[in-house]
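The values are calculated or read from the model by the stated rules, or taken from the named source; none is laboratory data. Just so we're clear, the structure is a prediction, and the values are computed from it rather than from any experiment. Here the Cβ is made from the backbone with ideal geometry for all residues, glycine too, and neighbour counts use every protein chain on show. For accessibility, only protein heavy atoms count, side chains too; no ligands or nucleic acids. Shrake-Rupley method; radii C 1.70, N 1.55, O 1.52, S 1.80 Å.
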2 protein chains.
Amino acid sequence: MATPATLLSHRDLDFQLHDWLRITALTERPRYREHSRETFDDALALSARVAADHFAPHNKRNDGEEPWFDGERVHTHEDVADALAVFAETGLLAAAMDEEHGGMGLPHVVSTACFAYFQAANVGTSAYPFLTLGNARLLCAHGSPEQVDTYVRPMLEGRWFGTMCLSEPQAGSSLADVATRAERRADGTYRLFGTKMWISGGDHELSENIVHLVLARTPGAPAGVKGLSLFVVPKYLVEADGTRGERNDVVPAGLNHKMGYRGTTNTLLNFGEGARHRPGGEAGAVGHLVGEEHRGLAYMFHMMNGARIGVGAGAMALGYTGYLKSLAYARERPQGRPLTAAGKDADAGQVPIVEHTDVRRMLLAQKSYVEGALGLLLYCAKLVDEERSAASHEERARAALLLDVLTPIAKSWPSQWCLEANDLAIQVHGGYGYTREYDVEQHYRDNRLNPIHEGTHGIQGLDLLGRKVVRGGGEGLRALGAVIGGTLERAEAAGDEAAGLAATLRGYWERAVATTARVWEPGDPQVALANASLYLEAVGHVVVAWIWLEQFLATLEAGPDDAFLRGKRQAARYFFRAELPRTGPQFDLLAARETVVLETDPEWL
Amino acid sequence: MATPATLLSHRDLDFQLHDWLRITALTERPRYREHSRETFDDALALSARVAADHFAPHNKRNDGEEPWFDGERVHTHEDVADALAVFAETGLLAAAMDEEHGGMGLPHVVSTACFAYFQAANVGTSAYPFLTLGNARLLCAHGSPEQVDTYVRPMLEGRWFGTMCLSEPQAGSSLADVATRAERRADGTYRLFGTKMWISGGDHELSENIVHLVLARTPGAPAGVKGLSLFVVPKYLVEADGTRGERNDVVPAGLNHKMGYRGTTNTLLNFGEGARHRPGGEAGAVGHLVGEEHRGLAYMFHMMNGARIGVGAGAMALGYTGYLKSLAYARERPQGRPLTAAGKDADAGQVPIVEHTDVRRMLLAQKSYVEGALGLLLYCAKLVDEERSAASHEERARAALLLDVLTPIAKSWPSQWCLEANDLAIQVHGGYGYTREYDVEQHYRDNRLNPIHEGTHGIQGLDLLGRKVVRGGGEGLRALGAVIGGTLERAEAAGDEAAGLAATLRGYWERAVATTARVWEPGDPQVALANASLYLEAVGHVVVAWIWLEQFLATLEAGPDDAFLRGKRQAARYFFRAELPRTGPQFDLLAARETVVLETDPEWL
């Protein structure tokens, strides 16, 4: 039976949100004046309960009974619809939106924590509302008031769902090759023709309507990404009074069957090329331009940063619940004898496997990954709130800059290391962890998507090293250096062990900055970016070490010392001693501008 | 359509077996005098063809249509039986056995390469004969002539299959807790009572009979592993004339449903406690003692080293085929534009993704893992042949010693890094790699078993650091140092780049030796073994670097230089520059006798 305590640690959330990030201070700002510690706690408690009671119970069923396509409609088992109905009743989706759009303006840092409960419980089912939220936010930011009124309201009510349609079979990472075309009609609407691939929630019967946001190219538009425009294309046309009208020419052509994440329908979608057209209407899927022509990718990227952080949060949530489950298993499962300084005591009874050092290593490593990732993501989520609500323009701009540079790390680091956490969770369970009787193998399979979607690991590396840390003369990296420097000063002032950790981190951060300059020194992007993925990994570990130092410092002021706070500090120590040094060889390789891969002729492989 | 070239590289096998290991020299020894380069090539070609034509085609079906249990019998789809019938006809199982047991005495290094084709094609189906082979070898080594005659002959003919029954629900890694009891009867037979868990091939209708080798405890036997005896327990009793008699009291109680490896039935088996007993017979499963009482674990361990190397070979084979498939995909899949020294050329057409440096990185890394693992395993397999056929007692003893120290590495290194290769193979495929339409996600799931079964990663670490490198005053480590030293001398004599690689490797090897001494210095096993898994990983990487230096040297004498040989050297360079330095922080941590994990109170997690 799932309980909130098998999903995320309430104590840890409390510690990170309040003892460390002190988010209640946000309620002093006009934007969040309606909120209080109590409304935050209520939202979290509600999320924990609904996630445990209505999402977790059918997580395995989502895996075993995939959505199926009868050639016309996509079907899902009934638990998905039931859970989503309960979710709609909670009002959490609206809660996360601004008041001007009918929301409750819950800070992003709180809604991120709330949603993490659902991701931990059931990524497959929770993808539907979270995709919808991303869609709604984009429309609110760039759509017309009429579009917001027509599409966003029913989405926030949980009646309609939303999707993002970017990829095509021939254009995955390379959006420059998007070929779906959009032709303008005299009435100002457009007709779309093309095929979109990997569309999560692309078709189903779970909602009255599906609002697709689609990247397409108008005739005569510039080549590449600069010629892309964004369109809202509903599955069913919308009548003037807002009710559902005729079926639009958007037709599912098949489902993708995946290793994990099986609860979310993932479709190939045909626009304006299906067998079925609007009765009596002309061919093509009816679409409405969002904002201006040729600015589609910019609008999408506005959403994309949020989506990328959401991917990181999903990865973290899966890692976190896997950690808690393997910890519970390790405390219960007897196996083997303890090894003492005097050797193995063969006459002793079996001990719980948490007593074995190697098992504790796998648990402590998981803890350092998942609590580090949670910290990174909550920090980033709070930057969204700072960007929206900080008092001065400078503070808001600084938050936006930091968020921009941290986004590829917030997406990729949890995707890599919380997946590793799931791998360790399986290993802690031994043979049982490899069976579908336990949860952790599914978490692993679900999590394996995260290094791929919303920009692969390699794409994030290019984004960080090729754009984020060099743009504006390196202002992003300097901004990050400034906040890390602030932490180092506080740690040095705290003295003792904190000062020692600060000295270590200072060395690694200086290494990161020097390496960034060094790889770009010759000005050859081919060489500079040859090891961009390694750069991403190395800088990611340094950033998470900083998050751990922040948490270490927060334990010193978090009230009476107890097992939880000692565990926090131990995980921080572990990260500094066993994890951070991994970056040494990576920085060496980057600093040497290693070209062994670049010089590899494809024929040699 | 599977071809041998999608499973393993024929050119690489040729290079490793002949240009490097020069295995034809074995045919000059009496034991292998009936063999020649031609018989070796024939066995490999036969394996490649049968694996591609009869095993690969139903690999996906094995995954999608698991064996099922109707409460009495275990069923498998018909492709499995068909493939195994073809396999039996090849005579490959007998070929791998000694002539005195009806075999052809194919060198172990050749049969390992042959079997790797089957493992690459379909681990699920190939597990049946390979488990049978392990069983047959154990009976030949420790069974009575009558037992060999009764059980081994039909196994080599492919009519009966064999299993190994060690684990129990409460005794996985901890065999000291095996509780199945075996009571001796007046006629010298035994009756077994107990439950065995994780029994691969434990029940099915694929063979006329199943020969279980079962660890059990006789009344009054010493506690722990020293009280275990080994029994042969057939599913059907065998009549005096060798024909199949009554059903024995061995009853499947359920199947384990796993993340991967789904084609191999994996059962919970009840001995002497099923509802069904032999009609008219007394209760209990009839068993026959193998060898002497209380020596069961020693006999099992004789088989276990072979089984562990077999696990490594399976991991390698899955990694290898995943590499070849992702390479083929990367050469065909167009996506994105090349990045040149002048920046990205947006006007160019799409290029195959192998042109992107980060994709080549993922391919070169895979190549370095899978070809390194193949080298390690072939080297170990050849040690088995040396142990059996070398001219002097000293040479045979040296081979045995080396094999002993290398076994935990040969088991765990491929299980870790060829799994990593499969992970990269998925990543090269992008979203497509995450779908079940392609092969690589299944390879990944299948391979994930390998760090668990036949002794987990953690167990292998304890075996290496706690036993293998310290036993006999460290003679195993010295023996390994001697062969590595020989390679270093040859590389130094070769000069140029080889000498440079040798200098690098010498440093790492000295580090490994010094670290071994240092962790044991205080003589506290709890501290020494606290980071045993890291020790295993670090030493494993150094050993594989040595294998790569061996292969690098072999390219210099392997005939006219071509793309294949250049690729070999490039992969060696990659391993030395990008992989070997990973061990630096691991050795640092070991040398510091880091106790951060050891000192972690379970309550802090």
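Things to note:
- Residue count, region A:414-467 (criterion: facing chain B (nearest Cβ under 8 Å), of a type in the set (Ser, Thr, Tyr) and touching a residue at least 12 places away in the same chain (Cβ under 8 Å)): 2
- B:ALA410 within 13 Å of chain A (Cβ to nearest Cβ) and in contact (Cβ under 8 Å) with a residue 24 or more places away in the chain: no
- Restricting attention to region B:89-102, the residues that are open to solvent by 40 Å² or more (accessible area, probe 1.4 Å) and part of a helix (DSSP H, G or I) total 4.
- For region B:150-161, the set of residues classified as out of contact with any Phe, Trp or Tyr (no Cβ under 8 Å at 6 or more places or on another chain) and not β-branched (Val, Ile, Thr) consists of B:ARG153, B:LEU156, B:GLU157, B:ARG159, listed by residue number.
- Check on B:GLY227, surrounded by fewer than 24 Cβ atoms within 10 Å (Cβ to Cβ) and away from chain A (no Cβ under 14 Å): no
- Residue match in region B:206-223 (condition: crowded, with 23+ Cβ neighbours inside 10 Å, touching a residue at least 60 places away in the same chain (Cβ under 8 Å) and within 21 Å of B:SER126 (Cα to Cα)): yes
- When residues in region A:325-367 are screened for being in a helix (DSSP H, G or I), within 7 Å of chain B (Cβ to nearest Cβ) and of a type in the set (A, V, I, L, M, F, W, C), 4 of them pass.
- Residue check for B:ALA317: of a type outside the set (Val, Ile, Thr), within 16 Å of the chain's Cα centre (by Cα) and more than 13 Å from every other protein chain (Cβ to nearest Cβ): yes
- Among the residues of region A:62-80, those identified as surrounded by fewer than 16 Cβ atoms within 10 Å (Cβ to Cβ) and either in contact with a Lys or Arg (Cβ under 6 Å, 6 or more places away or on another chain) or part of a helix (DSSP H, G or I) (or both) are A:GLY64, A:GLU78.
- Qualifying residue in region A:545-556 (condition: acidic (Asp, Glu) and either closer than 30 Å to B:TYR323 by Cα or surrounded by fewer than 21 Cβ atoms within 10 Å (Cβ to Cβ) (or both)): no
- Among the residues of region B:194-203, the ones that are out of contact with any Pro (no Cβ under 7 Å at 6 or more places or on another chain) and open to solvent by less than 30 Å² (accessible area, probe 1.4 Å) come to 4 in all.
- Index of the failed condition, B:ALA373 passing every other in (1) more than 19 Å from A:GLU599 (Cα to Cα); (2) free of Cβ contacts under 8 Å to residues at least 40 places away in the same chain: (2)
Residue-wise test of (1) touching a residue at least 40 places away in the same chain (Cβ under 8 Å); (2) farther than 27 Å from B:ARG467 by Cβ.
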residue	(1), (2)
B:ALA528	yes, no
B:ALA532	yes, no
B:GLU537	yes, no
B:TRP548	yes, no
B:LEU556	yes, yes
B:ALA563	no, yes
B:ARG566	no, yes
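- Residue tally, condition away from chain A (no Cβ under 13 Å) and of a type in the set (Ser, Thr, Tyr), over region B:505-542: 2
- Looking across region B:422-433, the residues that are buried (at least 24 other Cβ atoms within 10 Å of the Cβ) and small (Gly, Ala, Ser) come down to B:ALA425, B:GLY433.
- Residue check for A:THR39: polar (S, T, N, Q), open to solvent by less than 50 Å² (accessible area, probe 1.4 Å), in contact with a Leu (Cβ under 8 Å, 6 or more places away or on another chain) and assigned to a helix (DSSP H, G or I): yes
- Scanning region B:286-312 for residues that are away from chain A (no Cβ under 14 Å), within 20 Å of B:ALA141 (Cβ to Cβ) and among the hydrophobic types (A, V, I, L, M, F, W, C) yields B:LEU289, B:VAL290, B:ALA298, B:MET300, B:PHE301, B:MET303, B:MET304, B:ALA307, B:ILE309.
- Scan of region B:173-193 for residues that are surrounded by fewer than 22 Cβ atoms within 10 Å (Cβ to Cβ) and of a type in the set (Gly, Ala, Ser), ordered by number: B:SER173, B:SER174, B:ALA176, B:ALA179, B:ALA186, B:GLY188
- Screening B:ALA341, B:ALA373, B:ALA330, B:ALA391 for residues that are surrounded by fewer than 17 Cβ atoms within 10 Å (Cβ to Cβ), within 31 Å of the chain's Cα centre (by Cα) and small (Gly, Ala, Ser) leaves exactly one candidate, B:ALA391.
- Listed here are the helices (runs of 4 or more DSSP H) enclosed by region B:434-507 that have at least 3 residues being surrounded by fewer than 16 Cβ atoms within 10 Å (Cβ to Cβ): B:471-494.
- Being within 15 Å of B:VAL109 (Cα to Cα), in contact (Cβ under 8 Å) with a residue 12 or more places away in the chain, not in a helix (DSSP H, G or I) and not polar (S, T, N, Q) is not true of B:HIS18.
- Helices (runs of 4 or more DSSP H) wholly inside region A:103-170 that include at least 3 residues being open to solvent by 30 Å² or more (accessible area, probe 1.4 Å): A:123-142
- Entry remark, region A:581-605: residues being more than 7 Å from every other protein chain (Cβ to nearest Cβ) and either in contact (Cβ under 8 Å) with a residue 24 or more places away in the chain or open to solvent by less than 20 Å² (accessible area, probe 1.4 Å) (or both) number 7 in total.
- Positions within region A:566-580 being within 8 Å of chain B (Cβ to nearest Cβ) and either charged (D, E, K, R) or open to solvent by 30 Å² or more (accessible area, probe 1.4 Å) (or both), in sequence order: A:ARG566, A:ARG573, A:ARG577
- Yes/no for A:GLU492 being more than 13 Å from chain B (Cβ to nearest Cβ), modelled with pLDDT of 95 or more and either under 16 Å from the mean Cα position of the chain (by Cα) or farther than 17 Å from A:THR407 by Cβ (or both): yes
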